[in-house]
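Please read the structure below before turning to the comments.
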Amino acid sequence: MCLPEASPSKNISRYMRYTALIFAARSLWSQSVLASYIYLLTDNSSEAVGNVTGLMGLAQVLMSVPSGILSDKYRRDTVLRFSLFVGFAAISLIMTSVILDSFALLCVGVSVYGAFYGLSYTAGEALLSDSIISGERSKILTRKNQFMNAGTCLGPLTAILMFYFLGNDWNIADCSLVILAGQGLCIPAFFLLCSLSDNYSANNEEDEEHHDNDTNNETSLLKDVTRDSNSISSSSPPSSSPYSRRVPLIIALSDLISGLASGMSIRFFPIFFLDNLNLSPITVQSLYILSPLVIVFLSKQAQKISKKYGRCQITVLFKWLGITNMMLMILAYTRNWGTPLVLTFYLIRTTTMNCTSALTKSQLYDYVKKKERGRFTVLESVNMFSWSGSAAMGGFLVERIGIVDNFIVTGSLQFVATIPLLFLFSLPSEVEQRDRRISTTNSNLSKPLLDDDETDNP
């Protein structure tokens, strides 16, 4: 018996476009230019760079918690629309701060932007997950990451054009103009976010309360087929599964440690390029274009391979490749092997470390019930806060022990972050999960529509 294939939700395509635009805006103003602007504005203070990033992360996690609770209890699109008011306030404050070259006002502006992102990301990601039909999660989330990386390319490309006409030099005035352009690019993304709706969610999982109310008098053919189709579409293990709680918590722990590690260094790579390698703005932006392009390719390959070998296995493999190249980058710099080799190791490190996020995220959502996804998305925001909060620690370490030693600490913690994932190697791959689901479905469909005790006696 063939069941009709569900149409993709309108939310998916709209959220993809929103992701591309918002990351284009963010990469334009905050990926490397913001750190350089703060560094120049505060007389070369690495701690100031870390503190501003920490403020953004703190505001994000403070708003993500109520966002997750409210989006689970009420409508997710209502939370998204409220976040837009916060978003417009944020870009107004940031634009005013760079026009006035006010560090204090900039701190307020990025904090409000963090609040906007905490609200919108938590509700938006939960709504996206609700809109994905069963068996498509890792593919859709990988595609979302590809849109994200495509947007991340667009921002630096715009910055290259601006720096080309502005003079290709690191100075406060030119960085201010790039930041202003980034704020303007946020506006069309906001309108796309407003178009998302709970009404476009896919009913890809059984609602437990609805199931309880409909268990009586289900002997008709129509209801049998409905139950079977629901069992096919259920993408999460039953609540009695021993993995239903353990898997999300282990993945969240790994992400938390990884976020702490990454935050200690990622905001300081632009400073490393500016101060230690003496790279021009156009060269730095070129690196930030090339990295996401390679990530798009690697993420697709990782998703394909993971179907056979397992998502956690492939994630750990790529993470270890990234950590190895981080150490090689440090070695190449300290041994004066040349800037091209340092940048090569940096690119390999960055791309392999960041191409598997869709794999662990899809596995987490496979083991989380629909009604709890908003709360688990809060964990992602907490991880992002740990990433941002550790940037303050990174700034402290850069001032005390140097930027290279800070990179060594980062690589060591990133290795520790992969250890929890080793305990999930026994989980079935997506191919195995699909085969089991098909086998169970075929078994259910082969049963008679009416049991012997339900047939009429002659």
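Nothing in this text is a laboratory measurement; each read-out follows from the coordinates by a stated rule. It should be emphasised that the depicted structure is a prediction, and the values quoted were computed from it without experimental measurement. Because the Cβ atoms are built from the backbone with ideal geometry, glycine has one as well, and the counts that use them run over all protein chains shown.
Here the simple spin-label model places points 7 Å from the Cα toward Cβ, and for residue 278 and residue 408 these points are separated by 2.5 nm.
Between residue 88 and residue 102, the contour length at 0.36 nm per residue exceeds the Cα-Cα span by 3.1 nm. For region 277-358, trypsin sites (Lys or Arg not before Pro) meeting the loop criterion (DSSP other than H, G, I, E, B) and having at most 15 other Cβ atoms within 10 Å: 335. Note on residue 169 and residue 309: the extension gain reaches 45.7 nm, defined as 0.36 nm multiplied by sequence separation minus the Cα-Cα distance. Gain on full extension, evaluated as 0.36 nm per residue between residue 297 and residue 44 minus their Cα-Cα distance, stands at 87.5 nm. The string of couplings for region 38-53 from the Karplus curve (6.51, -1.76, 1.60, θ = phi - 60°) is 5, 4, 6, 5, 9, 6, 6, 9, 5, 5, 5, 4, x, 5, 5, 4 Hz, one whole number per residue in order, with x for Gly and Pro. In a DSSP loop and with at most 16 other Cβ atoms within 10 Å, the trypsin sites (Lys or Arg not before Pro) in region 1-100 are 75.
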